[in-house]
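First comes the structure, then the notes that go with it.
The values are calculated or read from the model by the stated rules, or taken from the named source; none is laboratory data. Keep in mind that what you see is a predicted model, and the values were worked out from it rather than measured. For neighbour counting, all protein chains shown are included, and Cβ atoms are generated from backbone atoms with ideal geometry for every residue, glycine included. For accessibility, only protein heavy atoms count, side chains too; no ligands or nucleic acids. Shrake-Rupley method; radii C 1.70, N 1.55, O 1.52, S 1.80 Å.
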Amino acid sequence: MLQSVRLAAEAKRRFLEEIQEQEESGNDAPVQPRCARIALSLGPYGATLYPAQEFDGFYPPPFGPALSTSSRSNAFDTTDEGRAQERAAVDALTAFHLERLRVFAGNREVWDAIDFVAFETVPLRREITAIRNAVAQLQEAVGASKMKPWWISTVHPNGHYPEMRPGGGWVSTSEVVGTVLNGEGATVGASVSPWAFGINCTSLENLPALLEEAEGAARGFAERYGRRPWLAMYPNRGDVYIPETQSWKKM
């Protein structure tokens, strides 16, 4: 994990060195950017499962509800027991993300090389809450000034968020953005605000409607914190990812 950042830093060094050599040679090569940034990409817990669950959000206990053939849902019941299980899931996911963050933040050389932290392809609001809590705990340990600009990028396969409602249907995009930006439902991380909200691994044709729905929550964030959030988007190119075979299918 640490070596991946060192390799990115070496690639950055070589890139900038090549640009400088081109400029000093005085040739007519196209003007290249004079900076390069490194974003630490941290996927969701579902990316560690097989088959991967970035796009469905079916996590095993304690990270998610127990699945049965008669009731296949990634949402907890709205009973006292279900709410207690969801709190336990948030705690477990917080520990998962905090452990990974500490691996990088605990190495000064590696942490200094990182410019951004990107939590990507997050399919569940409880995991968004857990990420906010993990960042808050890391900031408390290392100091807010040591935390890198960070964002949470969500996934919307088939044009909707993968999280189900207990009574049926899907969680809305505005609810998702509200959780990312305004910390709705967060505990420790309620006062920690990300640098940006993102959408990744989502078809281009679905973006206009998703962004329109996200606008209200983004406006609420701007009113609350006095700054507009950035938008990080890197959608699909048109292919569909098959988790079982870890391959892409052309459409």
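Tabulated results
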{"item": "Cα→Cβ-extended label distance, 7 Å offset, between Met1 and Leu67, nm", "result": "2.5 nm"}
{"item": "Tilt relative to the chain, helix 207-225 - C-alpha long axis, 0 to 90 degrees, to 10", "result": "90 degrees"}
{"item": "Distribution of pairwise C-alpha distances over segment 65-159, 5 Å bins, in %", "result": "3, 12, 19, 20, 16, 12, 8, 6, 3, 1, 0"}
{"item": "Rounded to 10°, Cα long-axis angle of helix 2-25 versus longest principal axis of the chain", "result": "30 degrees"}
{"item": "Helix 173-182 vs. the chain, principal-axis angle (Cα, 0 to 90°, nearest 10)", "result": "60 degrees"}
{"item": "Modelled FRET efficiency - R0 30 Å, Leu204 with Ala95, Cβ distances, 0.05 increments", "result": "0.25"}
{"item": "Å² per residue, accessible surface of the chain at 1.4 Å", "result": "54 Å²"}
{"item": "Partners for Lys12 among lysines (Cα-Cα distance below 26 Å; same-chain residues under 8 apart left out)", "result": "Lys146, Lys148"}
{"item": "FRET efficiency, Asp112 to Arg165 (Cβ-Cβ, R0 41 Å, nearest 0.05)", "result": "0.40"}
{"item": "Rg/Rg_globular for segment 3-126, with Rg_globular taken as 2.2 N^0.38 Å and Rg from C-alpha atoms", "result": "1.55"}
{"item": "Within the accessible area of the chain (1.4 Å probe), percent carbon and sulfur", "result": "51 percent"}
{"item": "Estimated D of segment 102-251 in µm² per second, where Rh is the Kirkwood radius over Cα pairs and Stokes-Einstein applies at 4 °C, 1.567 mPa s", "result": "79 µm²/s"}
{"item": "Pair Lys250, Arg14: separation of 7 Å Cα→Cβ label points (nm)", "result": "3.0 nm"}
{"item": "Hits among aspartates and glutamates - C-alpha to C-alpha of Lys249 under 14 Å, sequence gap 8 or more where chains match", "result": "Asp239"}
